[in-house]
Every structure is written in C-alpha cells, then in structure tokens.
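Participant: One structure coming up, written as structure tokens, with questions to follow.
Every read-out reported here was derived from the displayed coordinates using simple, explicitly stated rules and does not represent laboratory data. Here the structure is a predicted model, which means the values were calculated and not measured. Heads up, the Cβs are rebuilt from the backbone with ideal geometry, glycines too, and the neighbour counts pull from every protein chain shown.
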C-alpha cells in the first residue's frame, strides 16, 4: 500500500544514491564529532546542584534556561516555520521550500553547534552547550535560510547541504572575528546573520546564473492559497522578531529593551511598506510580495542596535526608513539586479536582508558611537558594551568605529565566501 | 520582472495617493509624539542596575520581562495570526482579512502605546514603557480587530485606519474610567475589550448598512481550504487564551489561577458548542462556523473573573453556558440582527465577543461580590482586588456593584463611540 | 442567513440526538465532579502569600507557573495544532481530523485532570491543580490523539468520545503503576504516552478492521495543499518537542538537559529519514509521508531518557536509528500490518509512536542502568532518579530493571485496554 508520492520536492536530477550517502555519512561524522567534543554545560549538567552553590545562586529559576528558553522556541519557529513558509509564496517551489529548508536547517544546527562551540564554548577540550548555544545554532542556520532564499529552485538538495556546510563554517569564522577580535555587539545579527547571509546568497546566485530561468517567469507567480501560506511565514517572523533580537542579549534590561525596540521598528515598517507599495503600483493596489517581505525589514534593521538605548522613537525612525527602502528595492532594484547584474534573487533577499542588514549595521555603529554615561548610567554603559578587561578603556566612539569595521568584514567575508562556494 | 499582483486586497476604490499619504503622515506623527513622550521604563532602561539596588531585587530574573514576555508573545500571536486567520473562513475576504488586520494592528499598537501611556504610565512628562505596555497595546488593538470582524468587506483601508484611530482613543478613555475611576478589575478584558469592541463594531456596521450586500450572500460562503486556514486562527486563539487572560494579572498566584480558569472554561465550551451545533442543524451535522467561533466564547466570558477565585468548576459552568449561548446566537440571532435590525455582522462578533463579553462582566461582578476572607485569605483578598490606599475600605459587595457599573459604562461608550465613528 | 455547511466532518451516520446528549451529559458530569473534587493548588490559590512564607520563597517568580508555563503552551500547541494538522495529509479526512481532534482533546483534558488528580494530586479529599496538572492532562490526551491517528475515518464522534473516556482512564492507571508503584522515570512519556497510545490504537483498529476500506485507497492520497497543512503539524510537533520532553522534568538542570537532548535527537532524525526515504523510493524521490512523520520519531525515542545524562551524542545516535527504523516501517511494515495482520494504520502511528516509544523505553532503561555517581555527582544521581525515601537504596542497575518492567506493563495495558475498548 504505497502512498502516492508528491513530486514537488524532487524535480532535481540527482542520482539515486548520492543524497542518502551524503546524509548518512555526514550524520555519522556529526555523531563522532559530538562524541569527541560536545558535553552539557554546567547549567544543563547533573552536577548543577554543586554548580549552584559555587555560583551562589539561591534558586533553580536562575538557570539560564528560564531566561532564554521562551525566546529560543520563538526563534526555532522563525527558522523552521517562518523562513520555510515565507518562501511558499512562489507557487512552484512551495513544498520544496518548506521541505528543503527543514533538511538544511536540521543539518546546519548540528554543524553550527560544533563550529560555534569551538570558537566560543570550548573549555579543556570539550564544547559545553546550553540553551544559548541552541539559539546561536538557530541563528547561524538562519543565515543559510536567507541565502537559500536567493537560490531557491536552482540547486539540488546535495548542493544545498554542501552550501550549508561551507556557509556555517564561514559564518562561525566571521562571527568570531566580529564578536571576539573586534569586540563588536550584534545581538540580533544585522551584520553576522543578515548582511553576511544576504550577500553570501546573492554571490552564489550570481555564479549560478541561468539565463533560461527567465523564460519560466510565470511559474514564479503566486496564487491565492500560496499567499495565505506565505502570510503564515511572514506573520511568525514579524511577531517573533522581538524574541530574535533579544534572545541572546544580557539578562535583564537588555533583553527587555531589545524586545521593545524591535516591536516599535516593525510596527512602523508595516505602515511605510503599505504606503510605498500602494504608491508605486498602478491603480494604487497593494503588492502581496511587499506585504509579505518588506514589512520584516524593520526587524532586520534594528538587529544590532535593539539592545542599545536606541529608544522607541529611534526604532520607529529606523522602521520607517526600512519599509521604504525595502519596498522600493522590490519595485526597482530586483529587476535591475537581474537584468544588469545577472543576479536572480528568487525571494528578493537583497531587499529583505542584505540592504536592511547593512542599514542595521550602520544604525548600530551610530547608536554605539552616540552612547553617553548620561543616557546609560556609568554601570549601564560598561555593561551594555562590555567595556571590561582588555576593553575597559574603549570609548563609545571607538566602539562605533569597530562596529563599522564589523560591517565591512561581514560584507567581504560574504562576497569571498559566496564566490568560493558558488 | 514585476510579479503578478494579487487582487484580493484591493477591491476597494480609493484614490491612488490617499492611502500612502495617510500612512506616511500618521507614521510621521507617531515618530514625533514618541520622540516627545515615550521613553524606556525603569526595567528596560540601561539604568536598571541602579534601579535593581533601589528596588532591593537580587536577580535579573525578577525583571517584569520574565514574568510577562511569554504571555506577551502568545497574545501577539492571537492578535496577528488568531484574529487574522479566523476571518479567512469567508472565502471572499480571506486575504484581505489577514492583510488589513495586519495593517490596522500595526498602526493601532503605536497609537495605543501613546493613549494608554498618557493615562497609565505618565511620569514627569514622559511615558515610560515596558513589556506590560506592549501587552496592553495588543489588547487595545484586539478590540479593534473585533470591531473589524463586523464590518469586514464594507470599508476601505483608509476608513479602517480612521476607525482604528478613534476606537483606540475611546478604548483608552473607557479603560481609564473603568480601571482608575471605578477601580474595576478586568484582566482579560471582558468589558474593556470584548463588550466595548463588540458593540462598537456592531454600531458601526449598523450605520454602514448596505442592503445590496445581501445579494452577494453566496460569496460569504466558506470552502474547504478556507476552513482549514480559519481553524488555524481558531486554534491559536483557543490555545493561547489562557495567556490572554493571565498576561497582565498580578505576579504569582493570580497569573497562575487565570490560566487555569481559562483552560477549564474553554474546554467546557467546546463540548456544548458541538452539542448545540449538532442539535440545531438538519441531520445533526456540525456547522463549521460554530466550531470556529463559538468554542472561543468560553475564553471571553471568564475575561474578568479568571484571576479571581472563580474555581475550576465555576469556569466549567461559565464555559458550558457560553458555548450554548454563542451557538444559539449564530443560528437564530445573527439572522435576526440582519433582517430586523439591519445589522450585518459579517463574522458574527455579536455571538463571539459582545454577548460573551457581557456575560463575562456579569460573572466578574458576581464573583467579586461573593469574595470572602475565608476563600481568599485576609492578605489574598486585599491583593486580589487591590483594596489599598483610597480603596482600603471597599468591601467585596461594593466592588461587585462597581464591576456592574463598569459593564454599563463600556456598553454606553461603545454605542456612543460607534455611532460617532460610523 | 444560514451559512453553507461544510460536509467533511459529518460523513458518519449517527442519529441527530445522540451526539448532543452525550456531550451535554458528560459535561454536566464534569461540572459535578469538578465541583466536588477540584480546587486550586497552593501556588494558584489566593492564599499564596501565606504559602510563600511557609515555603520560604522570596519572590513570586519561584511560583511553578514561571518554570512551566512556556512549556505548557508549547505542549498545548502540539496537541491541538500539531496532532490535528499532521493528520490533514490525508486529503479525505483533513477537516474531520482537525475538528474531531479538537473535540476529543477538549473532553479528554477534563477527564484527565480528574483521573490523574485522583492518583497524583489528591489531598484531604480534594484534587489540587496547578500548571503541572494542565501539562499532564495534555500529555494524557496526547496518547488519545495518537490512537485516533490509527482509527481515523472509521469511527463516529460518539465512538471517539467513548474511546477517549476509556483510554484516559487506563492511561491514568498505567501511569500510576509506572510512576508510583514501579518508581519509573518517564518525563517525555515514551512508555506512558507513545507506547501505550500507539499499541492501544493499533489494537482498536485491528478489531474495527473493515476489508472494504481497502478499496477506497485512492482517497487516502495526499494533495499539494494538504501536504503544506500537514507540514504545519509536523513542524510544530518537531519544533516544540523539546518542550514536550522537558515540560514536567525537575526544575533546573533536568529541564535544561531534556530540551538539549531532544533538540539533538530530532536534528539527527531528519537526516536519516531523508536518506532512507530517498533510498527506498524509485528514482530517489522523497516521500512526503516520511518527511511529515518519521522526522518526529527522534523526539519520541528520547522521551524517557531526555532528562537523564544521555548526552548530546547519545541523542544523535538515538535520532539516527529512529529515523531509519521509522522510515523503513512506513515502507515495509505498514503494508505488512495491513495485508497480513489486518491492522489498518491510517496515519502510520506504528512507525511514529509505537515502535519509537518502545525504543525510547529501552534507551531509558539502558541510560538509567548505566548511570554512575561519576557522571551525575552524588547529589545529582539522587535528584535525577529521586532515590529518596523508600527508594533511597535503589541502585541505577535496579532502576534500569524497573524501567524495563515499565515498558512491558505499558505494552500489556495497551493491548488489553485496546481489546476491551475495541
């Protein structure tokens, strides 16, 4: 009683044995590497009772799990449902988008746990993981999902898995340079996730340019039900973005602030997206593609600065600008990219991630440079930018400079990495 | 490479420039007003370290963020996915419902942050916001989404935005009268959100009465996939309603209790909805519209009393009654409203929000009046009804009277406000 | 203005009055029983302030509500959206699956609160409930949803409700034997939920065997949109499974660990599912049914051991194996069950719940037997397996034996109970 198989996920021509082999071998490799390296961090280990005494914690509720688990689950939904369903607005690739997104993300998070673990959680030969590592792995994979949006429909599952392997690796290197070497703040990943993932994907799609794809334009069209499925993706990304930007911020005020800033920026972004979508279309009709995508740019663009004292009105301004930039990008820039630069950006990630990511990096650099003891308080300023240890003499304006350097590094890593992988 | 545009959202005939202009001007106004008035509250401000010392808090986990953020995200999902997708059961308005709901809510939460802020969080010239304000803004917009359910398909986006502006304003005034002047408890908003939003919407739709809408009855029909999309809306509202009713209750037992009461009421409501839906239809078949809507009435009807000692069996009784009332309302009352009173209630909000909201107000008044020191404990009674300061001599029975007054005020404000806006 | 009714949910031929009567009478019974027995537990009662002093708690955040409520909401989504939508992959039963799942779960949680309450939360004549009871009720109903997956399309709503009544009762008895008499650990319910629910459902469907169902095989087929709806179910189950397995674990490290183990197991399971699905199909295409179901087996199979020191690589190994076993089961075992054993397993729960549940029980027994003071710490070992009171002399290897006994008991209870109910 074999059930009829759905064809959508298998339009590609790969040999029967290659995908299974790659999946199995890589998973075996993961098991071996996890066996050698990965252990529970102190807050997830059964020795926690002793740890608690050492850390002078009086209650189980002070386990990092309770600070971050709700945000983790929201981020998890964004990666698997949000990114997956957002891409269903393309009629032709609906199911494949959700399914391949599932596959690459499930593989990517394992590799990300290792790569990020080696850089950030490595202690006496072991990677010690906790809920924050799970969030970071999801973040890392988020940048792969973004890049996937650019090449949707052009690659086989195996190519996707290979791209995931390389992109996760480069992501971890880039993140290490930014967070550890440059000591840059980027809680919501404007630079590390969106700028990097966006330009990485665009470079790859440039190299995979296929002129004949243009003829099948009509299959890129959206239909009624696809639009509703895509709105599920859009709305979950939009609603949970405050969790995304606050998930790995410092405990307390920073997480709180990051959520508020993101909430404000996203709200403003919806209004300017609607305004420009209506303005730039014939007869003032709204373009669903704008509503489904550009409304999210506000979340991307406060990714770096959300945990800073951007203030609610500052967030509104950022959201206001990004709704406009992103919508205008969909109308004028995507066609230009394709016709002149031969970059076929299937889901328009240039407008949703790459450009807003750059804006987010710049806003972050400015917000950091403008920080004062007056606004943050003496302790607050040190805590917000972690001006301790080696960095205790760094000033806000110097921090702003390093933030700006972080943008450039992310951009270069993305272009070089994308070229390599492509 | 312009993607084909979906037509569903743009059946209305508005001039090309009006919607963009309204959106942009209003968003600019929001930025200016936020710039003048809105700042981070103490728990989201970078001065939190100093604040913590002053408030004698020993851990970051005592930041209000951790008490309320998970509930906030659930409420957020209810407003944007729940209300949006619930309305997709109408084949004709599917996409428009989700899209316009998105637009009006994104605008409404900004204006609500200001209006509610002036009334409740205004300190030395500034509105200080935190996660509780975000929840309250979502709540306020919830009442607009409810009213939108009554007029779905009759208004242009601009009219919707104007309605949002006025309704949010009146909501904040009504809420101020109830919570501050009458010192009434209404954590889940039976009165402030559902009674107010419901009758507001019904009054507006009465005034916008269009006889010719009756002819297009067939387009109001639902189809298979629309029903599944609508069930997404229904289920998210149903599942997260315990978060809705507990989101802004006092820390500790009150939040805990509110979630349990709501869980029980909703469970009972499903069974009586199914019973009466089956009973009142020819051949005992179930009507999807009942399953999608009346099952939620139990959540509305414990909105006021959920944080009180309603007890689990009390909640079951309320859910039991509301499933019946709401289903009977869909079968007999909605047709009556349309044919006799010329009230075209597109989504049947009278049965889902207005009447259950009234019941909720009454149940709240009775539960408050019946409160005793025996059941609540001496401290518990004072804490539950905030019998402190000016209100320290108020007795439960007097509180019951004020609760009843709150119902009347909400009803009158809704009718007057709806007439004005309509 | 009667709205056109959807037919999908009412293909069954039951008399007009029976379903309403059953629903109403049972709900009345629930109200009476709740009235006699159910009260708020100390953490949800208005006497909490006094309780807090007695328990020496310094902050409201130590209320169990804040430890478990986010996980509770995730589990709630899994039961109502996850299980409901997963079953929509069957074109014919799409709406009925979601609707009937809603009905049986709403009834089941009430009866489960009572049954489990009598066994576990009964104090001086009253059942005292809190958020943990809500989670356990959801868990119990989860096992009914699983069994429902086997008999989908064969029963009337009344039969479903009767099955729910009996299965919940037997679930509570079985759970009592395992957790209290055998002192077995089973936080994620590999044995109590999945093994029990799976074999219960399979026994029932065996007894309800209808040869003529085979002819309508074509109606079991899936279609494009059904597949996307089913993916919503799949993904929510997959994403929230870490919450499922950690929801009722001990505060602190155990919850933290359970989430990490489940996350790892699920990720590995996706890769081997894809590998074997592709390998076993002609032309290497992927079968959507595998992607929608077998990817979840990894969560089931760490249900018992997730809160133990299974370690991340141990979890990967379990997920690796289960993806293979489950996929192979769909390809070879489901047809065999139907043709030889006359077990029509509509949704393939044998491969998704029954077998992975057994594996989960075995993995749990091994992990428990292998526990050492070295790995857990002296205190950690006692806390992890609750080796206190009567059980303070129990050793890990003895615990392993009891865990194994728990598997057998669950299996026998399921077969006997299923035969009885069928």
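Participant: Select from B:48, B:118, B:241 the residue whose mean-square fluctuation is largest in a Gaussian network model of chain B (Cα-Cα springs shorter than 10 Å).
Facilitator: In this elastic network of chain B, the residue with the biggest mean-square fluctuation among B:48, B:118, B:241 is B:48.
Participant: Now a separate question. What value does the stretch A:244-396 have for Rg/Rh, both radii from Cα atoms and Rh as Kirkwood defines it? Write down the numbers at each step before the final one.
Facilitator: Numbers: Rg = 17.5 Å, Rh = 16.3 Å.
When Rh is taken as the Kirkwood radius, the ratio is 1.07.
Participant: What FRET efficiency comes out for the pair residue B:179/residue B:28, r = Cβ-Cβ distance, R0 = 35 Å, nearest 0.05?
Facilitator: Details: r = 31 Å, r/R0 = 0.89.
That pair, residue B:179 with residue B:28, gives E of 0.65.
Participant: When the Cα centres of the stretch A:398-417 and the stretch C:260-289 are compared, how far apart do they sit, in Å?
Facilitator: The two parts, judged by their Cα centres, are 38 Å apart.
Participant: Starting at 0 and stepping by 10 Å, how many percent of the alpha carbon pairs of the stretch B:106-165 end up in each bin?
Facilitator: Bin by bin from 0 Å, the calculated values are 23, 45, 24, 8, 1.
Participant: Quick one: label points 7 angstrom along Cα→Cβ at residue C:64, distances to the other copies in nm, smallest first?
Facilitator: Result, one decimal in nm: 2.8, 2.8.
Participant: Additional query: For the stretch B:222-289, what size does the Cα cloud have along each of its three principal axes, sorted from largest down, in whole Å?
Facilitator: 48, 25, 10
Participant: Taking the radius of gyration and the Kirkwood hydrodynamic radius from Cα positions alone, what is the Rg/Rh ratio for the stretch B:338-422, to two decimal places?
Facilitator: On the way: Rg = 17.2 Å, Rh = 15.1 Å.
So for the stretch B:338-422, dividing Rg by the Kirkwood Rh gives 1.14.
Participant: Put a dot 7 Å past each Cα toward the Cβ at residue A:340 and residue B:54; how far apart are the dots in nm?
Facilitator: 5.5
Participant: Let me ask something else about it. If one computes the Cα centroid of the stretch A:120-188 and of the stretch B:72-111, what distance in Å separates the two points?
Facilitator: When both Cα centres are located, 33 Å separates them.
Participant: What is the projected area of the convex hull of the Cα atoms of the stretch B:68-148, averaged over all directions, in nm²? It would help to have the intermediate numbers written out before the result.
Facilitator: Working: hull surface 20.7 nm².
Average of the hull's projected areas for the stretch B:68-148 equals 5.2 nm².
Participant: What ratio of Cα Rg to 2.2 N^0.38 Å holds for the stretch C:219-332? Write down the numbers at each step before the final one.
Facilitator: Working: Rg = 14.8 Å, N = 114, 2.2 N^0.38 = 13.3 Å.
After normalising by residue count via 2.2 N^0.38 Å, the value is 1.11.
Participant: Would you list B:327, A:155, A:390 from fewest to most Cβ contacts within 10 Å? Show your work: numbers first, answer last.
Facilitator: Numbers: B:327 29, A:155 18, A:390 8.
With the fewest neighbours first, B:327, A:155, A:390 line up as A:390, A:155, B:327.
Participant: Next up: Please give the length that would be gained between residue A:119 and residue A:397 if that part of the chain were fully extended, namely 0.36 nm times their separation in residues minus their C-alpha to C-alpha distance (nm, one decimal).
Facilitator: Working: separation 278, 0.36 × 278 = 100.08 nm, distance 2.73 nm.
Stretched fully, the residue A:119-residue A:397 segment lengthens by 97.4 nm.
Participant: Could you pull the Rg and Dmax for the protein assembly as shown, using just the Cα atoms, both in Å?
Facilitator: Every Cα atom of the protein assembly as shown included, Rg and Dmax give 28.3, 81 Å.
Participant: Quick one, what does Rg over Rh come out to for the stretch B:274-325 if you take C-alpha atoms and the Kirkwood Rh? Write out the running numbers ahead of the final one.
Facilitator: Numbers: Rg = 12.7 Å, Rh = 11.8 Å.
Rg/Rh: 1.08.
Participant: Can you sort B:183, C:342, C:120 by how many other beta carbons sit within 10 Å, fewest first? Display every interim value, and only then the final one.
Facilitator: On the way: B:183 19, C:342 13, C:120 16.
Sorted ascending by nearby Cβ count, the order is C:342, C:120, B:183.
Participant: Here's another thing I want to ask about it. Give the span of chain A's Cα atoms along each principal axis, as three whole-Å numbers ordered largest to smallest.
Facilitator: Largest to smallest, the principal-axis extents are 63, 52, 38 Å.
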